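Worksheet for the structure shown next.
What follows draws every value from the coordinates through simple rules; no lab data is involved. Just so you know, these numbers come straight off a predicted model, no measurement behind them. No Cβ is skipped: glycine too gets one built from the backbone with ideal geometry, and neighbour counts run over all protein chains shown.
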Amino acid sequence: MQTLQKQRLTGIGLALPVLIVLVVVFGIPLVQLFLTSLNAPMFSVSNYLRFLQDPANVRVVLQTVQISVIATAACLIVGYPTAYLIVAAPKRLRIVLIVLVMIPYLTSGLARTYAWIMILGDSGLINNLLLQFGIISSPLLLIYNRMALYVGMVHIMLPMMVLSLVSVMLGIDKSLMAAARSMGAPPFTAFCRVFFPLSIPGVRSATLLVFVICLGFYIIPASLGGLGDVMLSNFLASQVTTTFDLVSVATGSFVLLAIAIVVLSILGLDLSGTQGLAAQVPRRSRFARPSLIGWLTRSLTEFSTGFRAKRWTAHRYRPRGEGWLPEIGGKVLVLLVLTYLLAPSVVVIVMSFSSGSYIEFPPSGLSLRWYRSFFGNTAWYGAAWTSMEIGLAVALLSTIVGTLAAYGLSRTSPRLRSTLNVVILTPITIPVIVVGVACYFGLANLGLIGSRTGVILAQSIGAISYVVVIVSATLANFDRRLEQAAQSMRAGPLQTFARVTLPLIRPGIIGGAFLAFIHSFDEVVITSLVSGFSVTTLPLKMWENIRNAIDPTLAAVASLLTVLPMLWLIGMCVVWQRSESKAQFPIPSAAN
Amino acid sequence: MDQSPINAQIEFRTVTKLYGQIAAVRDMSLTVERGEFLTILGPSGSGKTTVLMLLAGFVAPSRGDILISGKSVAAVPAYRRDQGIVFQSYALFPHLTVRRNLEFPLEMRGMKVAERAQRVGLILERVHLQDFGDRFPSQLSGGQQQRVALARALIADPPILLLDEPLGALDRNLREEMQGEIKSLHKEFGKTTVCVTHDQEEALTLSDRIVVMRAGQIEQTDTPETLYDRPATQFVANFLGEANILENLDYVVESDSAQPTGTVPMIRPERLGIANTATPKSADGDRRQYVAGIVDDMIYAGPLRKYHVRVGGGVLVVREHVASGQQIFKPGDKVRLDWLRSDLRFVTA
Ligand SMILES: Nc1ncnc2c1ncn2[C@@H]1O[C@H](COP(=O)(O)OP(=O)(O)OP(=O)(O)O)[C@@H](O)[C@H]1O
Ligand SMILES: [Mg+2]
């Protein structure tokens, strides 16, 4: 009893650093904002009434919900069949397809937004081509409207949707489909009666997650949408940076948060379920265990692990296309989706080698001038350097405290663990602008606005969540008896951790660090609020460029940011393969 | 290291382990003598693993005390108790080779590299794995992994060896082979061994003594033979082998001797004889009881034949070794069962 209690106390102790950072940077200001919005200490809802009496505000709120619903629906309609086809593909192809979807997911959102500007703009790719072939005489209005907004949003969110759904579907035992077929169900009936119902819980969580993230969209509406296509985030950000009406910022934030929470709780994003893998769900009951960590860990393992027995059955019974029509249709769909996801980046990369003084497609000549311009301009490479430093700091900080927390949580009681998990994951489950606003006030409390430390802290809030999610998932699959075995052989707690636990959860830690870095390296919304114009990261510099004068150097930057995740991915693969192969298929070596 | 005793005595003093309101182990008192092989046997959920975890120090008793060689270990954390443990499904470190796995306990005890290598070499030879030292656990068969686990538990020469369902993951043939291996290792190393299992055959073959547990409490502790031959309770009789309970039948069970234990008459299936009603009674007929019945079912099981015979309102199981010249009965045949009155046991309900 005493040992157990001591263990639980240590567990909470290990999670303490994370909780302190969260509470100070994010929790306290959130409460302060809430009190402000309620006119504390008088407590009234007058601010909310006033907010909702202004038709302009109501329009923005409704519009935000409408845009998010449509974008999410589009992601689901395109994503579900795509995910199904990816899961049904033979193993090798499946891995390739997953990687191809992962590349855009990991690519800077700004670079991808920029790509769409380059494609849809007045002198963008489409208009240029149409003009060149004489199909039109003056540029079409393809950008700065609702359609462009949807194209951009779906482009950003689709990879997440597909990857979530793939992870859900990979978890469904395919022999069930085979069983249904053996009982005389035709393929489509088997799908409708067995596969589809089993996928529903996961689909629901993935959809909700996408929806909530859509609610917080800021960059796409500001850069691809029309003047009228303002979403709540844009509204709030402009309030923070211009009028600075504290009450209305607080009220607006909580209206947005309320929408997110109401939707999440009505439609039942079972947070403990989503994070179930991290919490306590054993491998076997993973049918339709949804989302976030699910797909992260699973898809990473999917393409890093060579061959696993448990996949074997799934592989043998994988659904086979019936007839040529669905088969060809499926191939076309996957091809179209991949083109939609990847082509913009390809276009940007090609354009970045343009020799003209403005960016065009196809480039009239090839040159490296924009790369030279990037590396020759202190403002640009300085920003890149700042981002790199901040990214590394964020990755280091959040990996250390996040890993400690995940390890600590794994030794607390399941109930406490899932509660704390919900708390720790809040920053990546609520609209990002709310996190940004809260961090702004949190850092203002600490006098850290406009400092690097401030930016690092603010970015770590989300990064920690990623680390905790991934390390927890790895720990959930970690056999605790190995620790007991080590202890029975006289290894103390620290030795046990260093010699047994750490080496075995290292892939998770590296994955977490990697996501933390990426998160920081692409962060705009929170950073722009807390940087106070004195810390210029690469995303901020890019964002400034996208909004004001588009410097062609941006094409070079965007290309670099597109190639980067591929390098990451390759690097990760190597690391993973190593650590996996060490345990699974070691090459017999004499030296050790 | 070398002056540490090769084995130790274990004593449980009214140990209780509560999980919330549920007592996983209740008021357990037990002594395991030096060098003894003791098996804890019981159905699922009876608290076997909990006992082992209490002993290993991964779980602390809610009440009572555990003593090893006369000293309380209440304050000793798991990593300071000198015990070799073979975990269910082995818990071999997947990221270390067999050799490194075996070195681990030695390293933790601060042993020099050269001595480590020598010990690992010796024990690998002992468990017939000298060619497998550089493999990873995932590259070994189940039986080989089991041997590595045993070697790892023994290599640092701990005075106590704990086995948690050591053969649960192996198939039948391998299990028999490994039973032999465990037995010979026990003979050779002389460790005080506590083994947990729910496999009665394993328990009967390996142990010096067996503890039968039921719902967190000890039902009976005895040598395998006594336990099988003279079970104290109906639960033990049923759990260890098959038992015919001769209760609520509409004939009188004649008893010979005053039985010390219980009131419920019980007889093992192999103690029953089955014969044609016309067969003359045997010479010791006056020491036997005879009852008539009708064959309900016949089950052929290799060297054995099992009959279910309907007798006086109940069904008795008869187990007969297959031999040539035997009469084989079919369902519906009228038969006569008989048993020596001295083979009857009386157990508590
Ligand atoms: N950590 C725990 N929390 C709560 N209850 C527990 C815990 N561990 C065990 N129990 C309960 O204690 C009782 C005994 O469990 P134990 O694992 O010792 O059984 P066992 O005899 O080893 O069973 P099996 O043969 O199935 O392994 C069970 O009712 C179990 O539910
Ligand atoms: Mg058990």
Filter pass, B:Val76 being away from every other protein chain (no Cβ under 12 Å) and more than 16 Å from ligand 2 (Cβ to nearest atom): no
Boolean, B:Val25 is part of a strand (DSSP E or B), more than 8 Å from ligand 1 (Cβ to nearest atom), within 14 Å of chain A (Cβ to nearest Cβ) and surrounded by 22 or more Cβ atoms within 10 Å (Cβ to Cβ): no
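Residues are listed down the side, and each one gets a yes or a no for (1) outside any helix (DSSP H, G or I); (2) over 25 Å from A:Leu341 (Cβ atoms); (3) among the basic types (Lys, Arg):
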{"site": "A:Ser44", "(1), (2), (3)": "yes, yes, no"}
{"site": "A:Asn47", "(1), (2), (3)": "no, yes, no"}
{"site": "A:Arg59", "(1), (2), (3)": "no, yes, yes"}
{"site": "A:Ala83", "(1), (2), (3)": "no, no, no"}
Where A:Cys439 falls short, out of the listed (1) touching a Phe, Trp or Tyr at 6+ places or on another chain (Cβ under 7 Å); (2) within 14 Å of chain B (Cβ to nearest Cβ): (2)
Out of B:Arg99, B:Arg109, sole residue that is within 13 Å of chain A (Cβ to nearest Cβ) and farther than 29 Å from B:Val32 by Cβ: B:Arg99
Selected residue (criterion: surrounded by the fewest Cβ atoms within 10 Å (Cβ to Cβ)) from residues of the stretch B:126-146 that are part of a helix (DSSP H, G or I) and within 12 Å of chain A (Cβ to nearest Cβ): B:Asp131
Residue check, B:Arg13 touching a residue at least 60 places away in the same chain (Cβ under 8 Å), touching a Gly at 6+ places or on another chain (Cβ under 6 Å) and either near ligand 1 (Cβ under 10 Å from one of its atoms) or more than 9 Å from every other protein chain (Cβ to nearest Cβ) (or both): no
Hey, B:Thr50 more than 16 Å from ligand 1 (Cβ to nearest atom), within 14 Å of chain A (Cβ to nearest Cβ), among the β-branched types (Val, Ile, Thr) and buried (at least 18 other Cβ atoms within 10 Å of the Cβ) or not: no
Flag for A:Val471 being buried (at least 19 other Cβ atoms within 10 Å of the Cβ), farther than 30 Å from A:Thr36 by Cβ, within 14 Å of chain B (Cβ to nearest Cβ) and touching a helix residue (DSSP H, G or I) at 6+ places or on another chain (Cβ under 9 Å): no
The stretch B:41-68, residues that are near ligand 2 (Cβ under 10 Å from one of its atoms), closer than 12 Å to B:Ile218 by Cα and either outside any helix (DSSP H, G or I) or of a type in the set (A, V, I, L, M, F, W, C) (or both): B:Gly42, B:Ser46, B:Gly47, B:Val51
Residues of the stretch B:131-173 that turn out to be within 16 Å of ligand 1 (Cβ to nearest atom) and either within 20 Å of A:Ala486 (Cα to Cα) or free of Cβ contacts under 8 Å to residues at least 40 places away in the same chain (or both), as a count: 6
Near pairs, Cβ below 9 angstrom, 6+ apart or cross-chain, from the stretch B:181-210 (at positive phi) to any residue that is charged (D, E, K, R) and away from ligand 1 (no atom under 16 Å from the Cβ): B:Gly190/B:Arg34
Residue match in the stretch B:71-85 (condition: within 15 Å of ligand 1 (Cβ to nearest atom), outside any strand (DSSP E or B) and in contact (Cβ under 8 Å) with a residue 12 or more places away in the chain): no
Top-ranked residue of the stretch B:191-205 - restricted to ones that are within 16 Å of ligand 2 (Cβ to nearest atom) and outside any strand (DSSP E or B), ranked as nearest to B:Ile68 (Cα to Cα): B:Ala203
